[in-house]
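To start, the structure under review is shown below, and the notes come after it.
The values are calculated or read from the model by the stated rules, or taken from the named source; none is laboratory data. Bear in mind the structure is a predicted one, so any value in this text is a computation, not a measurement. Methodologically, a virtual Cβ is constructed for each residue, glycine included, from the backbone with ideal geometry; neighbour enumeration extends over all protein chains shown.
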Amino acid sequence: MPQFDELIGTGDADLEASGLKKATVIRIGRLAVVEQGLLVGELGAISDQRLQRVRRRIAEWVLREQGIAK
């Protein structure tokens with residue numbers, strides 16, 4: 001699916017707030033649900049705008065997989 005992953009680049013304002021040290025890719029197709037007790041800590045946060053894009057892409061993918069959307 002074109003533009004499915006989300007790139008956090010070195011010029012993006014939320015790179016520092018994300019806690020990441022260098023540019024990275026949010027692999028939306030590789031997201032998983034894990035129990036909170038398995039997580040050791042957190043790095044930071046992405047911007048609200050980026051979070052909304054990721055959520056929209058996930059929703060579109062689920063709808064497409066269910067045959068609800070094109």
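With respect to (1) surrounded by 12 or more Cβ atoms within 10 Å (Cβ to Cβ); (2) modelled with pLDDT of 90 or more; (3) among the basic types (K, R), the lone exception for R56 is condition (1).
Please verify whether G44 is touching a Ser or Thr at 6+ places or on another chain (Cβ under 8 Å) and surrounded by 10 or more Cβ atoms within 10 Å (Cβ to Cβ), treating the condition exactly as stated. Answer is yes for this residue. Name every residue in the range 28-48 that is closer than 15 Å to D5 by Cα, outside any loop (DSSP other than H, G, I, E, B) and either in contact with a helix residue (DSSP H, G or I) (Cβ under 9 Å, 6 or more places away or on another chain) or modelled with pLDDT of 90 or more (or both), in order of residue number. Answer for the range 28-48, where residues must be closer than 15 Å to D5 by Cα, outside any loop (DSSP other than H, G, I, E, B) and either in contact with a helix residue (DSSP H, G or I) (Cβ under 9 Å, 6 or more places away or on another chain) or modelled with pLDDT of 90 or more (or both): I28, G29.
Among residues of the range 44-55 that are in contact (Cβ under 8 Å) with a residue 40 or more places away in the chain, those with a beta-carbon under 7 Å from a residue that is surrounded by 11 or more Cβ atoms within 10 Å (Cβ to Cβ) and assigned to a helix (DSSP H, G or I) at least six positions away or on a different chain give the pairs V54/I28. Scanning the range 59-70 for residues that are outside any helix (DSSP H, G or I) and either in contact (Cβ under 8 Å) with a residue 40 or more places away in the chain or surrounded by 10 or more Cβ atoms within 10 Å (Cβ to Cβ) (or both) yields one hit, A69. Cβ separations smaller than 6 Å between residues 6+ apart or across chains give the following pairs from the range 13-35 residues that are under 15 Å from I46 (Cβ atoms) to residues that are in a loop (DSSP other than H, G, I, E, B) and β-branched (V, I, T): D14/I46; S18/I46; A23/T10.
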